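To start, the structure itself, in structure tokens.
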Amino acid sequence: MCTVCGCGTSHVHEHKHDDGPDHVHGHDHGDGTAHVHFGEGDAGLSVPGMSQSRLIRLEADILGKNDAYAERNRTLLAEKGVLALNLVSSPGSGKTSLLVETLKRLAGKTPAAVIEGDQQTSNDADRIRETGAPAIQINTGKGCHLDAHMVGHALEKLPLEPAGILFIENVGNLVCPAGFDLGEAFKVVILSVTEGEDKPLKYPDIFAKADLMILNKTDLLPHVDFCVGAAVANARRVNSRIKVLQVSARTGEGLEGWMSWLEGARTLRSAGSTGIAAE
Ligand SMILES: Nc1nc2c(ncn2[C@@H]2O[C@H](COP(=O)(O)OP(=O)(O)OP(=O)(O)O)[C@@H](O)[C@H]2O)c(=O)[nH]1
Ligand SMILES: [Mg+2]
């Protein structure tokens, strides 16, 4: 039995020296199926050539600065009475499609604005603007997530109406956006049924931090091997309080549940609460 993850299989894992050098490396048990951990040091990640203590200092510095910007965004959004949502998912799970359908349904009733994050192109912001909603595209270049500083600059340019909703579509990535608070009220993670029901277990951080998981592309369920019950159980293993909605941005199935979740969250926000949105 491995003492690192307790999984019962023999495998390769990180091994920290007791005698000084602050680093971790692979350690082969040499007797069976192999897998390798590189996230078990004090920093929770491994970068070749960099010690764990240096990694911790760097991470604390970057995240500390990000958190300060995030608090500034949160204060501004609260002053304006705007509900901000951070939409996270792997590439292509349907964030923009869901937003387009959402904005069509909000039009004329609830003011909404969108920040789009992608490494390159303004495709998504163009798709959003076609609905009539204002949108700012942030291109992160080599960056794999939005940060609160970028969002703060976009907020200076976006019209934010009282009691409205700000949707922030993060860069498609199930890993990096998890670490960066943008000043949102809620994180919404989107998982499409083509991705496999094990994703919450493989990428737990993002599911652990999300308030809501939207299972998208349910119209494809008859064509794929995807067990909704297993996906929900996996999400709840890493986050027992996560709420789950099933939708198809393509057919509109289930979108009424999402629209009422949004309305519940908006009402909570207007009342000044930051708690989890209504059931
Ligand atoms: N069948 C089906 N296809 C969908 C659904 N939602 C989105 N798609 C398709 O999935 C593809 C990706 O959709 P996007 O909305 O661009 O996904 P995204 O998450 O915004 O992608 P990135 O911004 O690149 O991360 C497109 O071809 C959509 O038409 C759905 O509910 N059902
Ligand atoms: Mg998109």
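The values are calculated or read from the model by the stated rules, or taken from the named source; none is laboratory data. All values derive from a computational prediction rather than experimental measurement. Cβ sites come from the backbone with ideal geometry, for glycine too, and all protein chains shown count toward neighbours.
Summary of values
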item	result
Qualifying residue in the range 131-153 (condition: at pLDDT below 95, surrounded by fewer than 21 Cβ atoms within 10 Å (Cβ to Cβ), closer than 15 Å to Ala113 by Cβ and more than 16 Å from ligand 1 (Cβ to nearest atom))	no
Selection status of Ala208, surrounded by fewer than 20 Cβ atoms within 10 Å (Cβ to Cβ) and away from ligand 1 (no atom under 13 Å from the Cβ)	yes
Those residues of the range 231-243 which are surrounded by fewer than 17 Cβ atoms within 10 Å (Cβ to Cβ) and touching a residue at least 12 places away in the same chain (Cβ under 8 Å), in sequence order	Arg237, Arg241
Glu156 being among the acidic types (Asp, Glu), surrounded by fewer than 23 Cβ atoms within 10 Å (Cβ to Cβ) and in a helix (DSSP H, G or I)	yes
Residue list for the range 88-121, filter: in a helix (DSSP H, G or I) and either touching a Cys at 6+ places or on another chain (Cβ under 6 Å) or within 11 Å of ligand 2 (Cβ to nearest atom) (or both)	Lys95, Thr96, Ser97, Leu98, Leu99, Val100
Hits in the range 127-165 - residues which are within 16 Å of ligand 2 (Cβ to nearest atom), touching a residue at least 24 places away in the same chain (Cβ under 8 Å) and farther than 23 Å from Ala68 by Cα	Arg127, Ile128, Glu130, Thr131, Ala133
Qualifying residue in the range 63-80 (condition: surrounded by 13 or more Cβ atoms within 10 Å (Cβ to Cβ), part of a loop (DSSP other than H, G, I, E, B) and of a type outside the set (Asp, Glu))	no
Matching option when the condition is away from ligand 1 (no atom under 12 Å from the Cβ), among the aliphatic types (A, V, I, L, M) and either modelled with pLDDT under 95 or closer than 22 Å to Lys104 by Cα (or both), among Leu182, Leu255, Leu191, Leu245	Leu245
Test result for Leu85, within 18 Å of the chain's Cα centre (by Cα), within 16 Å of ligand 1 (Cβ to nearest atom), not in a loop (DSSP other than H, G, I, E, B) and not polar (S, T, N, Q)	yes
Selected residue (criterion: nearest to ligand 2 (Cβ to nearest atom)) from residues of the range 166-176 that are under 18 Å from Gly152 (Cβ atoms) and not in a loop (DSSP other than H, G, I, E, B)	Glu169
The lone exception for Glu71 - which of (1) within 13 Å of ligand 2 (Cβ to nearest atom); (2) closer than 22 Å to Ala185 by Cβ it fails	(1)
Candidates Asp124, Asp205, filtered to the one that is assigned to a helix (DSSP H, G or I), within 16 Å of ligand 2 (Cβ to nearest atom) and over 20 Å from Trp261 (Cβ atoms)	Asp124
Residue that is surrounded by the fewest Cβ atoms within 10 Å (Cβ to Cβ) [pool: residues in the range 46-62 that are in contact (Cβ under 8 Å) with a residue 12 or more places away in the chain and in a loop (DSSP other than H, G, I, E, B)]	Ser51
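Conditions tested, residue by residue: (1) part of a helix (DSSP H, G or I); (2) more than 16 Å from ligand 2 (Cβ to nearest atom); (3) crowded, with 19+ Cβ neighbours inside 10 Å.
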position: Ala178; (1), (2), (3): yes, yes, yes
position: Gly183; (1), (2), (3): no, yes, yes
position: Val188; (1), (2), (3): no, no, yes
position: Gly196; (1), (2), (3): no, yes, no
position: Leu220; (1), (2), (3): yes, yes, no
position: Gly229; (1), (2), (3): yes, yes, no
position: Glu253; (1), (2), (3): no, yes, no
position: Glu256; (1), (2), (3): yes, yes, no
position: Leu262; (1), (2), (3): yes, yes, yes
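Rundown of residues vs (1) under 11 Å from the mean Cα position of the chain (by Cα); (2) not basic (Lys, Arg), yes/no style:
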{"residue": "Asp181", "(1), (2)": "yes, yes"}
{"residue": "Lys187", "(1), (2)": "yes, no"}
{"residue": "Ile190", "(1), (2)": "yes, yes"}
{"residue": "Lys209", "(1), (2)": "yes, no"}
{"residue": "Thr218", "(1), (2)": "no, yes"}
{"residue": "Arg236", "(1), (2)": "no, no"}
{"residue": "Glu253", "(1), (2)": "no, yes"}
{"residue": "Ser260", "(1), (2)": "no, yes"}
